Structure formats: C-alpha cells, structure tokens
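Some notes on the structure that comes next.
The values are calculated or read from the model by the stated rules, or taken from the named source; none is laboratory data. What you see is a predicted model, and the numbers here were worked out from it, not measured in a lab. Here the Cβ positions follow ideal geometry from the backbone for every residue, glycine too, while neighbour counts run over all protein chains shown. Accessible surface areas use protein heavy atoms only, side chains included; no ligands, DNA or RNA. Shrake-Rupley method; radii C 1.70, N 1.55, O 1.52, S 1.80 Å.
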Amino acid sequence: MKKRQGRKVILISLVLSMLLAAGCSNQDGEGSQDSARQMDNGQKETDTDDSSGQNAEDSGEEITLRVSWWGPEDRHEATLAAMDYYMELHPNIKLVGEYGDWNGHYDKIVTQLASGTAPDIIQINDRWYYDFTVGMEAVIDMNTLTDYVDLGAFDQSFLENYCSYDGKLLGLPLGVTGVCFLYNKDFFAEHNIPEDTVWTWDNLLEIGERVHQENPEHYLYVCETPEMWVLQKCYVKQRIGTQMISEDYTLNITPELFAEALAYGKEMVDRGVTEPFETASLYTDVSNENPKWINGEEGLQQKYITNFSRYQSLDLNYGVCTSPVFDGMLDTGVTVSTGNLFGINSKCEYVKEAAEFINWFVTEPEAIRILKECRSTQATEAGRKLLADEGLSDPLVTEAVNVALENASNVVDNGISQTAEFEKLWQDYIEKVIYGKMTPKDAGQGLYDDMLIILEELKAFEE
C-alpha cells in the first residue's frame, strides 16, 4: 500500500501534465448548469490564434465562459444572480455555471483538467494549491494579469500568504474565512454549559461525557471523518507550532503524535462525546442535515465559516467560540484562510474576459450587494465596509470571522501540508482507528511511514 500510494501521486501529476497540453477548456462539460443560459448543443467554438485572449467585447464576438464552483443552495443562487447581472452589462459574454456540492468536487475538477474539459473559471480550495502548481500548471498566475485585475483592492500580505504558492497567485480571493466552533445555545442551557466556557481538549471530553450520561440521546459534539480530521489537525498544530510538512518535504509530525491525535478521536467516540461514526457518516460534509443536529440533540461542531449558511436556515439559536486549547501550546492551530479563489484555467481561450469577470465579481459594489456573504465575509476592506454600512452583514458570520482572526494560527499552512493525498491518507487512518481495525499506536506509525514514502517520491519527482 505504501509504495503504491506514493507512486500514484506522481503518476497522476505526470498524466495531468501530458493531458493538459492537449486540453481546451472551451469544450462543453457534463452537468453544466446556468439559469436559463445553458450552452446550446452543437454550438460552434470560435477559432482564434490568440490563446492569451483577444478583446472579444471590442470585436463584438460572442463568447462563452464556463464557471465552476461548489457550495450550498444560497451560494448557487447568489452566484447565478451575479452572473446574470454581468451578462446584462456585457451582452456578448455568456456565462455558464457548473455547480454542485463539495463531495467529489476535487476529483471531478482534476479529471476535467486531465481530459482538457475543465471550465474556464474554477473555484479553488486552498488545499489544492500544491496539486495545482507542482506537476501541472492548472491555472494562470494572476500576478501576470494586472492589466485586467485590481490586486491593489486586496491586502497584499493576504494575497501572498493565503492565495499564493511558490510565488504564483492562483486566483482572486472570494472571501475571508476561518474555522471556529458553532454551538446551539439552547442545548448549552439545557445541559448547564456556560457559553463563555474556555474549551480545552480535556474539558471537551469531560463535559461531553457528562452530557451523554444526562441524556443518552444527546451528544455534545457532532462530526464524521472529514470533521474529525480538521479537529485533529488543530490538535497536532498546537503541539508542533510549525508546518506539518516543511518545504523540503520533511514531515514534522512524529508517529507518537499521530497516534496521540488518533487516540483522542477514538476516545471522543468511546466516551459518548460524539455521535457514533456509523450514523454520523451518513451526513458527511452535510451535518446540517443530520436529524440529531436539527432536533437539538447535538450541541457543538467545528465548522468553516463559509458553510454557516447551511446551518442558519435551521430554526436553532446559534453562538460561536474558538477551538479547544492545550496549556503551553506552541500555536493556536486555528485555521484562517481565503473563502476560496476564482482562478483561470491555463487553457482558457479568453483570458482577458475571464479576468475582467473575476475582478468585477470580487470588487464591484453591485456584485458585492448580490453575493453578500455567501462565501463568508468579503475579501476586500471596501466590500466588508459596504455590507456593514448598508446593513447587509450577517452578525453571526461577522462574529465568527472576528473570533477566528483573534485566535488565528501564526503558521499559514503551506501548499504541501495541504495536499489531497495527505488529507485522504490521514482520514483513512482515522476510520481504521474509530472502527477498531487498528490501534492508535499502529495507525500512527502506519500514517507516518506512508507519508515518508509519499514525500520521498514527491521530492524526487520535483527534482
């Protein structure tokens, strides 16, 4: 398993590199959706010798740009509304939306990139930076498009720290987000949990166990594999106070620390702090649909603020607070990041038009009024001020962003620490421990060994 997984990463990168050279993003992909603006079957593509993007609007040429993203229904509706408005302003440009849920979205985009059918404009998660940069040039460096995009509208350190990898700006940020605890105030009141509780890794277990003893149908914490992974990442980062993987491909987590984090997750389940994975896993990445959460039988979960809208549609009384902490921790481990990026496919035919749309989408006041906080709070100071001045901000989102920023990690995750292979491997071992297939000690050693092999081969591939 170990050797095969490492080679799989390199093979994928090689295949993507070769196939991207032959790809063209103007092909019509399956599942494309656009509010009454579906691309006509058999529509002819316009030949052009200018792959960098001629000024189609000046020439009167009608062009189509495919735009891809994931998210909840309110994000789909707001994004489509903004696209409709833009098309009214630019009648020669047709924007085709391709959207769905987070589940499987990464695999879909990677497959499209490999086959040359990827959209022109791609919503990018920060976990993809390494994959999109090393081994393939999936998107255009926005630093090269300053004739069409206003980089001065953003905080420059934010662009460098949260939106770039290896000096390349992969896209323009769609928001500022972070991770924090979302809790049910009524649940806390029922179980006499003070809302100003300073959560630690110890009292999370103690209070959670008490809650379940008071009512066997109740669980303090709700999570499944991906959410447990986010929690364990925080646990580990507080212990090491540095990058999980250094730029020289050194793994900075010991087998013992992996085992400690995995054992903590197992203890949460065994002590009744969190709902059993057998049922929680039915609502992976959509815990807002979990009946126990909806019915007020679960009280707390760690969420990316970009997903808050899924939960606010429920009739629950919410509050926010920060993640658990260790005494003497080396870092808070609290993730702060962009609310995803809009990047341009490196094979896009109309780069100028794509860049101008993205710039309008993230900086134009009318676009900001339409989009509001469907991807967490706005990425520009002007955008945040506009929403606040016009009463369009969501108080819970604003509070959550402030909590995340106040407790933010001093270590901005580098691209290699967020590779999809690392995430999937860690989650695989989480499930092996939770379901009793491996001990935390054996799983910690296995995860460590697997990661060393993968990192060795990734390093060899880049060299």
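Looking only at the range 64-76, filter to residues that are at pLDDT 95 or above and not basic (Lys, Arg); which one of those is farthest from Thr306 (Cα to Cα)?
Among those that are at pLDDT 95 or above and not basic (Lys, Arg), it is Thr64.
If Ala404 satisfies all but one of (1) open to solvent by less than 10 Å² (accessible area, probe 1.4 Å); (2) at positive phi, what's the number of the condition it fails?
For Ala404, the exception is condition (2).
Out of all the residues in the range 312-333, which are more than 28 Å from Pro291 (Cα to Cα), surrounded by fewer than 24 Cβ atoms within 10 Å (Cβ to Cβ) and under 22 Å from the mean Cα position of the chain (by Cα)?
Asp331, Thr332
Restricting attention to the range 361-399, which residues are in a helix (DSSP H, G or I), of a type in the set (D, E, K, R) and touching a helix residue (DSSP H, G or I) at 6+ places or on another chain (Cβ under 8 Å)?
Glu366, Arg369
When you scan the range 346-360, do you find a residue that is closer than 16 Å to Val403 by Cβ and either assigned to a helix (DSSP H, G or I) or not β-branched (Val, Ile, Thr) (or both), even just one?
no
Is it true that some residue in the range 156-170 is modelled with pLDDT of 95 or more, open to solvent by 10 Å² or more (accessible area, probe 1.4 Å) and part of a loop (DSSP other than H, G, I, E, B)?
No: the range 156-170 contains no residue that is modelled with pLDDT of 95 or more, open to solvent by 10 Å² or more (accessible area, probe 1.4 Å) and part of a loop (DSSP other than H, G, I, E, B).
Out of the residues in the range 421-441 that are assigned to a helix (DSSP H, G or I) and among the basic types (Lys, Arg), state the one that is modelled with the lowest pLDDT.
It comes out as Lys424.
State which residue pairs qualify: first residue free of Cβ contacts under 8 Å to residues at least 24 places away in the same chain and inside the range 374-403, second residue in a helix (DSSP H, G or I) in any location, beta carbons under 6 Å apart, and separation of 6 or more residues or different chains.
Gly383/Ile368; Leu386/Pro365; Leu386/Ile368; Ser393/Leu387
Looking at the range 67-85 only, could you name the residues that are crowded, with 21+ Cβ neighbours inside 10 Å, of a type outside the set (A, V, I, L, M, F, W, C) and assigned to a helix (DSSP H, G or I)?
Within the range 67-85, Arg75, Thr79 qualify.
Give the range 101-146 a look and list any residue that's part of a loop (DSSP other than H, G, I, E, B) and not hydrophobic (A, V, I, L, M, F, W, C), or say none.
Listed by number, the residues that qualify are Asp101, Asn103, Gly104, Gly116, Thr117, Pro119, Asp120, Asn125, Gly135, Glu137, Asp141, Thr146.
Please tell me if Lys292 is open to solvent by 20 Å² or more (accessible area, probe 1.4 Å), over 23 Å from Phe326 (Cβ atoms) and either in contact (Cβ under 8 Å) with a residue 40 or more places away in the chain or among the hydroxyl-bearing types (Ser, Thr, Tyr) (or both).
Here the answer is yes, as Lys292 does meet what is asked.
Does at least one position in the range 126-145 carry a residue that is more than 21 Å from the chain's Cα centre (by Cα) and open to solvent by 30 Å² or more (accessible area, probe 1.4 Å)?
Yes; the residues of the range 126-145 include at least one that is more than 21 Å from the chain's Cα centre (by Cα) and open to solvent by 30 Å² or more (accessible area, probe 1.4 Å).
Consider Thr380 carefully, then state whether it is open to solvent by 40 Å² or more (accessible area, probe 1.4 Å), of a type in the set (Ser, Thr, Tyr) and over 30 Å from Asp270 (Cβ atoms).
no
Could you check how many residues of the range 160-218 are more than 19 Å from the chain's Cα centre (by Cα), farther than 23 Å from Val411 by Cβ and of a type outside the set (Val, Ile, Thr)?
Going through the range 160-218 one residue at a time, the tally reaches 27.
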